[in-house]
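Accompanying notes for the structure given below.
No value in this document is a laboratory result; all are computed from the given coordinates. Just so you know, these numbers come straight off a predicted model, no measurement behind them. Backbone-built Cβ (ideal geometry, glycine too); neighbour counts: all protein chains shown.
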Amino acid sequence: MRLVIDTDIGSDIDDELALATVLGAGVDLLGCTTVYGDTTLRARIVKSLAAVAGHSVTAIPGLGTPLFGAPVWLAGHEGNLYPALDSVEVPDGDFRELLATPGAEVLAVGPLTNIAAVPEARSLTIMGGSWFTPGKPEHNFASDAAAASAVFASGAAIRVVGLDVTLQVTLDDPAVSRIAASGPVGALLATGIRQWLRVFNEDLNTPHDAVTAMVLLAPELFTFTPPGRVTISPTGASEFMPDPSGTVRIATGVDIPAVTSRIIENICRLGPVLEDGAEPRQDLGELA
């Protein structure tokens with residue numbers, strides 16, 4: 001598999017969990033494009049996390065402003081797991097060219113602003129939507145409903161994993177502790193998980209984007225609808241309509257134990273790897 005990830009990494013820790021899950025799987029990651037808000041900061045986060053895992057990953061900033069200028073939501077802690085982000089070099093590049101790489105699978109786990117700008121991105125796996133709760137907006141679609149609407153109207157071959165499925169998979173405290181004990185990457189991710197849980201006063205982490213990444217890594221662990229078509233409301237609510245001529249399939253089920261185990265195993269497989277000069281913050285305990 002040749003893979004490109006389009007991500008709003010840095011807010012919800014699930015983007016970082018998804019990147020680590022993919023790196024631990026050993027697939028051919030061609031690079032990441034970043035979207036939504038400060039995309040240069042997000043690209044630096046990609047490179048920093050990958051470096052802690054002993055990998056060099058191409059990271060190209062994409063579009064920061066949603067179509068029609070919808071406001072960007074930030075958690076406020078973006079990048080605080082990594083020291084000296086300003087010194088991380090992000091090379092010039094065209095995010096459109098990377099997303100349009102012939103034969104590449106695209107994993108889109110943020111607002112769809114970049115994807116809407118690249119009609120050539122024809123095989124998409126998307127995290128977004130709340131498909132079986134009519135009228136319920138979901139963050140990725142609501143953050144740029146115009147882009148989401150354009151993507152689903154494009155005719156691209158799309159698989160979508162929504163909140164209906166991702167919310168079934170959680171990482172409890174023993175799982176987070178196992179991740180933390182696996183090495184520098186795990187310790188950094190566990191700190192980010194605990195930080196995110198405090199934001200919403202929750203006890204269990206939902207790795208939405210890592211679950212979606214598993215569709216590409218282990219599709220047999222999911223069930224999907226037959227083909228259909230999708231509409232997105234201006235508020236980001238999504239509706240699926242079965243249609244044999246459609247190009248979109250919606251996830252309806254997940255093997256919860258298997259997907260949870262695979263996410264943890266892939267992250268732990270990165271192990272005690274740390275490149276020189278790639279250390280995460282030394283005061284991670286204070287952040288946790």
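Numbers below:
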item	result
Residues with amide H under 5 Å from that of Asn205, placed H, sequence gap 5 or more	Leu171
At q = 0.11, 0.13, 0.21 Å⁻¹, base-10 log of I(q)/I(0) for the range 17-90 (Debye sum, equal scatterers on each alpha carbon)	-0.29, -0.40, -0.96
Ranked list, fewest to most other Cβ atoms within 10 Å of each Cβ, for Met127, Met1	Met1, Met127
Calculated FRET value between Ser154 and Ser177, using beta carbons and R₀ = 45 Å, to 0.05	0.60
Cα-Cα pairs of the range 158-208 separated by more than 14 Å (percent)	55 percent
Positive-pole candidate from Gly155, Phe68, Ala108, dipole of the range 2-287, charges at beta carbon	Gly155
With eigenvalues of the C-alpha gyration tensor scaled by 5 and rooted, the range 2-287, Å	28, 21, 18
Within the range 154-188: backbone nitrogen closer than 20 Å to the Ser245 label point (7 Å, Cα to C-beta)	154-158
Label-point separation in nm, Ser56 to Arg229, each point 7 Å along Cα→Cβ	4.7 nm
D_trans [Stokes-Einstein, Kirkwood Rh over alpha-carbon pairs] for the range 187-234, 37 °C, 0.692 mPa s, µm² s⁻¹	238 µm²/s
Per-selection metrics, the range 1-140 (Cα): Rg and Dmax in Å	14.4, 45
Length released on extending from Asp28 to Glu89, taking residue separation times 0.36 nm less the Cα-Cα span	19.8 nm
